[in-house]
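Novice: My questions will all concern the structure given below.
The values are calculated or read from the model by the stated rules, or taken from the named source; none is laboratory data. The model shown is predicted, which means the values in this text are computed figures rather than measured ones. Every residue, glycine as well, gets a Cβ built from its backbone with ideal geometry; the counts of neighbours run over all protein chains shown. Remember, those area values only see protein heavy atoms, side chains included, never the ligands or the DNA or RNA. Shrake-Rupley method; radii C 1.70, N 1.55, O 1.52, S 1.80 Å.
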There are 2 protein chains.
Amino acid sequence: MREEFIKPLSDDQRLDWLRLIRCENVGPVVFRQLLERFGNPAAALKALPDLARRAGSKRQIRLCAPAEAEAEAKAARKAGARLVALCEPAYPALLRALDDAPPILSVLGSLEALARPCVGIVGARNASANGRRMAERLAAEIAEGGYTVASGMARGVDTAAHRGALPQPTVAVLAGGADVVYPPENDALHAEIQTAGAVISEMPLGTVPQARHFPRRNRLISGLSLGVVVVEAAQRSGSLITARFAGDQGREVFAVPGSPLDPRARGCNHLLRDGATLTESAADVLSVLGAMRPPGGPPSPAPDSLDQADPPAPEPGDAERVLIEELLGAEPILVDDVVRQSALPIAVVHGVLLELELAGRAERHPGNRFARLYKAPANPL
Amino acid sequence: MREEFIKPLSDDQRLDWLRLIRCENVGPVVFRQLLERFGNPAAALKALPDLARRAGSKRQIRLCAPAEAEAEAKAARKAGARLVALCEPAYPALLRALDDAPPILSVLGSLEALARPCVGIVGARNASANGRRMAERLAAEIAEGGYTVASGMARGVDTAAHRGALPQPTVAVLAGGADVVYPPENDALHAEIQTAGAVISEMPLGTVPQARHFPRRNRLISGLSLGVVVVEAAQRSGSLITARFAGDQGREVFAVPGSPLDPRARGCNHLLRDGATLTESAADVLSVLGAMRPPGGPPSPAPDSLDQADPPAPEPGDAERVLIEELLGAEPILVDDVVRQSALPIAVVHGVLLELELAGRAERHPGNRFARLYKAPANPL
């Protein structure tokens with residue numbers, strides 16, 4: 001996103017942003033593609049039904065009605081939350097650089113905490129007493145070092161990290177709505193974090209978190225942060241997912257070593273094998289981050305333009321749609337492979353995939369891959 | 001050492017080896033240089049008084065009398081120990097490759113254990129219960145993998161490593177005489193190790209270990225081994241000295257991670273930062289060692305010849321002796337620097353340094369450095 005496109009929105013413009021991201025089959029990546037193609041959310045909203053229809057959607061795509069978006073914005077105001085769009089100056093700069101940055105964040109608390117560079121601290125829910133102590137100490141010292149500590153407000157390490165950072169700024173990134181406290185015993189912590197920092201979410205207020213929301217939330221903790229510290233984590237744990245996101249996003253990964261006899265150390269030791277920075281104290285984190293140049297310049301994966309449309313891409317024809325849909329299967333396939341196997345221009349492939357996604361006939365997977373979505377056979381009545 | 005010089009010695013020849021290494025100011029490196037220069041220990045013994053005198057030794061260098069060496073050999077036989085010389089086939093091949101390999105090892109127990117490839121397992125004396133368990137488990141599995149476990153029979157990790165390896169072969173390398181049990185509670189272990197493996201030492205039987213013997217002993221544990229595993233070690237501990245020797249000797253270094261809150265994990269975590277292989281189980285060790293080519297070929301630091309003299313080096317004159325002694329100071333200096341600053345041929349510098357060392361006027365330091373030894377002012381009476 002070019003600097004000149006970072007600017008505050010009017011309330012009406014922000015409502016259009018909100019409407020577009022709340023439409024059926026529109027996720028952050030599709031949102032950004034629509035913005036690239038149509039220049040602004042209002043234009044994209046107009047084009048949406050036609051795009052979905054072209055890819056063969058039998059029924060009308062469900063758009064978010066203006067009244068729905070207005071109701072969400074009103075509820076946010078009432079809860080004291082601010083909605084911040086991706087293009088606005090208050091939006092966290094590092095997060096904005098992600099391909100799949102949320103177009104709208106809801107923020108409870110102070111925006112200043114989000115303006116400081118962040119360090120994620122995550123780990124096991126069933127952390128040991130030592131793990132909690134370690135998380136608390138690291139968080140306190142990293143916060144003293146001038147960083148906002150980001151975590152997920154889960155039990156165990158996350159809770160200890162927020163507690164350790166307080167009363168300095170800390171940011172809780174929630175999987176459900178920013179106002180939905182989980183686990184329930186963190187009610188007081190939820191309030192304290194808002195006083196000293198912020199609670200944020202990409203989900204509408206009031207959303208009860210589901211299992212599938214947690215990995216998506218984890219990409220935001222790492223995406224917000226210059227680096228992520230993992231303190232105790234089992235193999236195949238959410239913390240390792242966060243660490244993987246951090247690696248994919250080009251963030252630093254730090255891990256606290258532990259005894260191989262403790263299953264809660266397996267994940268961290270695994271990360272250390274894979275090249276994570278061995279972390280015994282906050283100094284290990286601060287020295288690496290202090291030596292980094294502040295991430296600057298235009299983030300490469302961002303679109304060139306948001307408020308002015310690109311030159312129109314060639315319109316895909318029916319033959320191309322059929323060919324590309326045939327190439328997709330239940331197993332996700334790389335977009336590069338679709339381009340190669342179809343021998344079509346890359347812009348055409350992207351255009352068709354966007355339409356298929358909007359029509360609910362294809363699903364985007366991590367790593368720029370797509371799978372075909374097979375509908376259950378329709379009831380003949 | 002070329003293959004053709006590895007051969008069993010007669011008892012008389014072995015006595016000469018023993019005499020030479022027991023002479024005043026003769027350590028393993030000087031021993032090897034004398035061997036290179038004079039072809040065999042008997043010839044070196046003859047030349048020794050003259051060499052020491054040339055460097056200005058005021059009094060006669062103390063040689064080891066034949067009767068003394070015979071008494072040591074007899075005591076060894078009585079204790080059931082074998083004396084093995086560096087050039088004999090039973091001498092451990094990896095150890096032989098060291099610049100400062102002991103010319104004579106005394107061995108209690110079986111020589112077969114020393115013929116198998118070894119893995120060192122070392123660590124804290126005050127190890128935690130977990131550390132001991134880890135050492136025991138690693139040792140058992142590494143021994144099952146076909147390696148002899150080498151350690152130092154100290155309290156804590158060392159004891160657990162020997163116990164874990166038994167009844168499979170394990171080698172204890174002692175700082176004092178091979179027959180001097182330390183700590184005393186390891187009396188039974190000392191006996192068991194001899195049954196299944198060996199207890200070895202470069203010191204004469206009966207030697208009570210002194211503090212300064214321990215670091216020298218540590219170089220033998222690493223020197224014997226393809227790799228050394230460190231299980232719990234504080235900063236500035238003997239285990240880290242062993243790990244440093246292992247690194248200098250080109251051996252693999254493995255370290256078991258631990259919580260930064262435990263001071264006994266600091267040394268291991270430090271090694272991991274420095275590139276040691278993170279070790280959670282024996283498989284981590286076995287896979288690295290299994291992938292290594294067996295160390296073969298002539299070890300580079302070994303002399304070209306043992307039983308036939310090199311062409312005689314140019315005899316250093318008095319002017320050269322004075323010049324070189326002047327270049328040495330209380331602070332150890334690199335031999336390379338002595339060569340550069342003296343502008344003398346390298347063989348001459350080595351010759352003078354050998355003489356000075358034998359005369360007790362210079363002291364060899366690690367890293368091929370020498371310092372001048374200043375005598376306390378002589379009593380004018």
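Novice: Residues to consider are A:Ala282, A:Ala255; find the one that is open to solvent by less than 10 Å² (accessible area, probe 1.4 Å) and farther than 11 Å from A:Gly123 by Cα.
Specialist: Answer to the selection: A:Ala282.
Novice: Can you find, within the stretch B:56-89, the residue that is modelled with the lowest pLDDT among those that are assigned to a loop (DSSP other than H, G, I, E, B) and open to solvent by 30 Å² or more (accessible area, probe 1.4 Å)?
Specialist: Filtering first and then ranking leaves B:Lys58.
Novice: It is to be established whether one or more residues within the stretch B:99-108 are at pLDDT 95 or above and open to solvent by 10 Å² or more (accessible area, probe 1.4 Å).
Specialist: The answer is no, given that none of the residues of the stretch B:99-108 is at pLDDT 95 or above and open to solvent by 10 Å² or more (accessible area, probe 1.4 Å).
Novice: I've got another one for you. Which condition number in (1) under 21 Å from A:Asn218 (Cβ atoms); (2) within 14 Å of chain B (Cβ to nearest Cβ) is the one that A:Asp100 fails?
Specialist: Answer for A:Asp100: the failing condition is (2).
Novice: Being in a loop (DSSP other than H, G, I, E, B) and over 22 Å from the mean Cα position of the chain (by Cα) is the filter here; which residues of the stretch B:137-153 pass it?
Specialist: The answer is B:Gly145, B:Gly146.
Novice: Could you say whether any residue in the stretch B:115-127 is assigned to a loop (DSSP other than H, G, I, E, B), within 14 Å of another protein chain (Cβ to nearest Cβ) and of a type in the set (Gly, Ala, Ser)?
Specialist: Yes, some residue in the stretch B:115-127 is assigned to a loop (DSSP other than H, G, I, E, B), within 14 Å of another protein chain (Cβ to nearest Cβ) and of a type in the set (Gly, Ala, Ser).
Novice: Considering the stretch B:315-324 alone, what residues qualify as being open to solvent by 60 Å² or more (accessible area, probe 1.4 Å) and modelled with pLDDT of 80 or more?
Specialist: B:Asp318, B:Ala319, B:Val322, B:Leu323 - these are the residues of the stretch B:315-324 that are open to solvent by 60 Å² or more (accessible area, probe 1.4 Å) and modelled with pLDDT of 80 or more.
Novice: Condition check: over 28 Å from A:Gln210 (Cβ atoms), at pLDDT 95 or above and open to solvent by less than 20 Å² (accessible area, probe 1.4 Å). Does A:Met153 satisfy that?
Specialist: Considered against the rule, which asks whether it is over 28 Å from A:Gln210 (Cβ atoms), at pLDDT 95 or above and open to solvent by less than 20 Å² (accessible area, probe 1.4 Å), A:Met153 comes out as no.
Conditions tested, residue by residue: (1) at pLDDT 85 or above; (2) assigned to a helix (DSSP H, G or I); (3) closer than 27 Å to A:Pro41 by Cβ.
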site	(1), (2), (3)
A:Asp310	no, no, yes
A:Ala313	no, no, yes
A:Glu326	yes, yes, no
A:Ala330	no, no, no
A:Asp336	yes, yes, no
A:Gln341	yes, yes, no
A:Ala347	yes, yes, yes
A:Val352	yes, yes, yes
A:Glu355	yes, yes, yes
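Novice: Would you check if B:Ala115 is in contact with a Ser or Thr (Cβ under 9 Å, 6 or more places away or on another chain), farther than 16 Å from B:Leu174 by Cα and open to solvent by 10 Å² or more (accessible area, probe 1.4 Å)?
Specialist: In short, yes.
Novice: Looking for something acidic (Asp, Glu), open to solvent by less than 50 Å² (accessible area, probe 1.4 Å) and facing chain B (nearest Cβ under 10 Å) - is there at least one such residue anywhere in the stretch A:199-207?
Specialist: no
Novice: Next up: Among the residues of the stretch A:349-365, how many are among the small types (Gly, Ala, Ser) and in contact with a Pro (Cβ under 6 Å, 6 or more places away or on another chain)?
Specialist: 1
Novice: Turning to a different aspect of this structure: Report the residue count in the stretch A:212-244 for those that are more than 14 Å from chain B (Cβ to nearest Cβ), out of contact with any strand residue (DSSP E or B) (no Cβ under 8 Å at 6 or more places or on another chain) and open to solvent by 10 Å² or more (accessible area, probe 1.4 Å).
Specialist: 9
Novice: Okay, moving on. Checking B:Ala140 against (1) under 16 Å from B:Val231 (Cα atoms); (2) open to solvent by less than 10 Å² (accessible area, probe 1.4 Å); (3) not hydroxyl-bearing (Ser, Thr, Tyr), only one condition comes out false. Which one?
Specialist: (2)
Novice: Would you point out the residue of the stretch B:361-375, among those that are modelled with pLDDT of 85 or more and small (Gly, Ala, Ser), that is farthest from B:Leu48 (Cα to Cα)?
Specialist: Checked the stretch B:361-375; the qualifying residue farthest from B:Leu48 (Cα to Cα) is B:Ala371.
Novice: Of all residues in the stretch B:18-40, count the ones that are part of a helix (DSSP H, G or I), in contact with a helix residue (DSSP H, G or I) (Cβ under 9 Å, 6 or more places away or on another chain) and open to solvent by 10 Å² or more (accessible area, probe 1.4 Å).
Specialist: Number satisfying all stated conditions: 7.
Novice: Just one of A:Leu98, A:Leu108, A:Leu48 is outside any loop (DSSP other than H, G, I, E, B) and closer than 20 Å to A:Ser151 by Cα; which is it?
Specialist: Sole residue among the options that is outside any loop (DSSP other than H, G, I, E, B) and closer than 20 Å to A:Ser151 by Cα: A:Leu108.
Novice: Still on this structure, I have one more. Among the residues that make up the stretch A:289-298, is at least one of them modelled with pLDDT of 90 or more, outside any helix (DSSP H, G or I) and either away from chain B (no Cβ under 14 Å) or open to solvent by 20 Å² or more (accessible area, probe 1.4 Å) (or both)?
Specialist: Taking every residue of the stretch A:289-298 in turn, none turns out to be modelled with pLDDT of 90 or more, outside any helix (DSSP H, G or I) and either away from chain B (no Cβ under 14 Å) or open to solvent by 20 Å² or more (accessible area, probe 1.4 Å) (or both).
Novice: Going through B:Gly176, B:Gly197, B:Gly131 one at a time, which residue ends up being touching a Pro at 6+ places or on another chain (Cβ under 8 Å) and more than 21 Å from B:Ala75 (Cβ to Cβ)?
Specialist: Sole residue among the options that is touching a Pro at 6+ places or on another chain (Cβ under 8 Å) and more than 21 Å from B:Ala75 (Cβ to Cβ): B:Gly197.
Novice: Mind listing whichever residues of the stretch B:331-365 are open to solvent by 80 Å² or more (accessible area, probe 1.4 Å) and out of contact with any helix residue (DSSP H, G or I) (no Cβ under 8 Å at 6 or more places or on another chain)?
Specialist: Hits for the stretch B:331-365 are B:Glu331, B:Asp336, B:Arg340, B:Ala343.
Novice: Of the residues A:Val285, A:Val256, which single one is at pLDDT 95 or above, closer than 21 Å to A:Val173 by Cβ and within 11 Å of another protein chain (Cβ to nearest Cβ)?
Specialist: Being at pLDDT 95 or above, closer than 21 Å to A:Val173 by Cβ and within 11 Å of another protein chain (Cβ to nearest Cβ) holds for just one of A:Val285, A:Val256, which is A:Val256.
Novice: Between a first residue in the stretch A:261-274 that is within 8 Å of chain B (Cβ to nearest Cβ) and open to solvent by 70 Å² or more (accessible area, probe 1.4 Å) and a second residue that is hydrophobic (A, V, I, L, M, F, W, C) and assigned to a helix (DSSP H, G or I), which pairs have beta carbons less than 8 Å apart while being 6 or more apart in sequence or on different chains?
Specialist: none
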